[in-house]
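One structure below.
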Amino acid sequence: MLSTEHKAIIRQTVPLLEAGGEALTGHFYRILLRDHPEVRPLFNQAHQASGEQSRALANAVLNYARHIDQLEALGPLVGQIVNKHVSLQVQPEHYPIVGACLLQAMREVLGEDVATAPVLEAWGAAYQQLADILIAAEEQAYAANERQPGGWRGARPFRVQRKVPESEEITSFYLQPVDGQPVPSHQPGQYLGLRLMIEGVELRRNYSLSAAANGESLRISVKREPGGVASTFLHDRVHAGDILDVFPPAGDFVLRPADRPVAFVTAGVGITPAVAMTEAALAQCREVHFVHCARHGGVHAFRDWLDAQAERTAKLTRRYCYSEPRPDDAPHAEGFLSREQLADWLPDSPEMDVYFLGPRPFMQQVRAHLRGLGIPDDRVNYEFFGPASALE
Ligand SMILES: Cc1cc2nc3c(=O)[nH]c(=O)nc-3n(C[C@H](O)[C@H](O)[C@H](O)COP(=O)(O)OP(=O)(O)OC[C@H]3O[C@@H](n4cnc5c(N)ncnc54)[C@H](O)[C@@H]3O)c2cc1C
Ligand code: HEM
């Protein structure tokens with residue numbers, strides 16, 4: 001438990017975090033990644049370079065400091081952090097390392113006049129309190145993953161059974177456990193963690209499961225990212241028969257049970273979890289409205305699959321919007337997705353659940369469109385293919 005004095009100091013430091021939280025967390029990551037090579041593989045360097053990861057951490061620390069008297073208000077934030085940590089296998093022994101670097105960054109960025117001994121002591125105690133919450137929640141998730149039928153803890157070797165191109169940029173990898181045992185029933189929308197060794201360097205990445213659970217295998221669908229280390233490696237150097245280390249599925253961007261119609265609004269590779277959710281929603285006989293945006297037909301993944309589903313059931317409507325159509329393309333609309341277009345394509349009644357995912361600017365637009373269409377926020381779900389950030 002934090003003392004009253006500790007809490008008072010944390011509350012007093014909120015303005016400091018508001019003003020300079022990102023500088024602090026940026027410096028923190030520099031120290032962490034410089035002095036602790038053992039945790040480097042967990043962190044995506046691109047997220048560091050773009051500042052997204054520092055912003056996400058600064059935001060979390062700020063929220064924590066603001067809610068130091070009512071930790072229950074942190075609920076959704078804790079869940080999101082825990083899922084990301086679990087998917088990349090953050091362990092209890094990592095917490096003291098991160099805590100020490102955070103305090104060192106406070107000392108170095110804020111200076112000794114501000115980061116006095118009592119301030120550092122209060123933050124040390126506050127960090128420990130949050131670390132205890134996260135460690136306990138993460139252990140619960142690791143244990144739950146291990147307990148479920150077909151479940152496991154840590155890395156499990158999976159063989160690439162086959163690779164199937166889904167578009168000019170996206171390829172699916174069908175993965176089967178080497179031990180021949182079942183795999184757990186992941187929830188549609190969840191993602192897994194991959195541990196790769198590339199030129200002797202370990203790195204970890206998340207990939208959404210792009211097919212509903214079948215008990216035997218998993219499927220991920222990876223976009224070749226120009227200059228991207230893991231995706232280029234997977235596309236060019238991983239072949240059928242190769243073995244990949246897989247961490248268990250995690251994530252709470254999942255299809256929630258309901259009878260209402262459900263809409264998916266996706267762009268680019270953001271389509272992957274929505275494919276798994278569509279498969280599950282159709283199996284539950286839900287009405288599904290699928291809106292997908294792509295540059296053109298050549299990079300539009302899963303079109304044949306969606307079209308085939310729509311042939312099979314009247315429960316599915318699908319609309320495609322291309323921003324740079326090729327001459328042979330015949331999308332339902334061209335340009336960027338407008339609010340009018342979306343209104344036209346979604347059911348008239350706002351009584352539906354919506355799931356959306358794509359590049360950040362697309363997500364900002366869709367968020368605004370959905371608000372404009374009067375769809376209540378609590379019916380709207382989204383996820384980022386990177387550290388979470390505000391969409392407003
Ligand atoms: C929950 C979740 C689900 C995901 N699901 C999917 C999915 O289903 N399919 C999918 O394809 N992806 C998915 N991703 C994204 C995936 O995890 C990877 O981020 C993606 O494959 C890119 O990784 P990479 O190693 O190829 O690229 P990186 O090496 O991480 O590079 C990404 C970009 O940043 C640039 N870059 C890299 N390092 C630096 C640097 N130091 N300075 C400046 N620029 C740099 C690169 O040139 C490249 O353009 C998901 C991510 C999350 C968090
Ligand atoms: C109290 C301590 C911690 C807090 C508040 C915290 C907070 C966060 C937040 C907010 C995110 C972003 C989540 C998202 O994707 O939206 C994150 C991601 C992450 N955290 Fe932590 N974290 C803590 C401790 C740790 C520790 C001990 C490690 C292990 C070294 C760790 C490793 C990571 C990694 C690897 C990611 C993903 C980074 C990426 O996307 O590149 N964190 N954390």
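Listing for the model above:
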| quantity | calculated |
| --- | --- |
| Computed Kirkwood radius, in angstrom, where 1/r is averaged over Cα pairs of the chain | 22.5 |
| Segment 268-392 - percent relative contact order, Cα under 8 Å, separation 6 or more | 23 |
| Relative contact order (percent, whole number), segment 153-304, Cα cutoff 8 Å, 6+ residue spacing | 29 |
| Stretch gain in nm, segment D344-A144, where the contour uses 0.36 nm per residue and the Cα spacing is subtracted | 67.7 nm |
| Beta bridge orientation in the chain: antiparallel %, DSSP, nearest 5 | 55 |
| Cα-derived Rg to Rh of segment 262-391, Kirkwood definition | 0.93 |
| 0 to 90° range, to nearest 10: angle between helix 303-312 axis and the chain longest Cα axis | 60 |
| Rg/Rg_ref, segment 179-295, where Rg_ref = 2.2 N^0.38 Å and atoms are Cα | 1.15 |
| Percent RCO, i.e. relative contact order, over the chain, from Cα pairs under 8 Å lying at least 6 residues apart | 14 |
| Three principal axis lengths of segment 4-147 [C-alpha, angstrom, descending] | 48, 33, 23 |
| FRET E, pair A368, I31, Förster distance 30 Å, beta-carbon r, rounded to 0.05 | 0.20 |
| Solution diffusion estimate, µm²/s, Stokes-Einstein, segment 108-194, Kirkwood Rh from C-alpha pairs, 20 °C, viscosity 1.002 mPa s | 124 |
| C-alpha center-to-center spacing [segment 145-221, segment 96-133] in angstrom | 38 |
| Net charge dipole size for segment 296-392 [Lys, Arg +1 and Asp, Glu -1 on Cβ; Debye, nearest 20] | 120 |
| Where labels lie 7 Å past Cα in the beta-carbon direction, separation of I97 and D378 in nm | 4.1 |
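None of the figures in this text is laboratory data; all of them are computed from the coordinates on show. A quick note: this is a predicted structure, and the numbers were derived from the prediction, not measured. In this analysis, Cβ positions are derived from the backbone assuming ideal geometry, glycine residues included, and neighbour counts consider all displayed protein chains.
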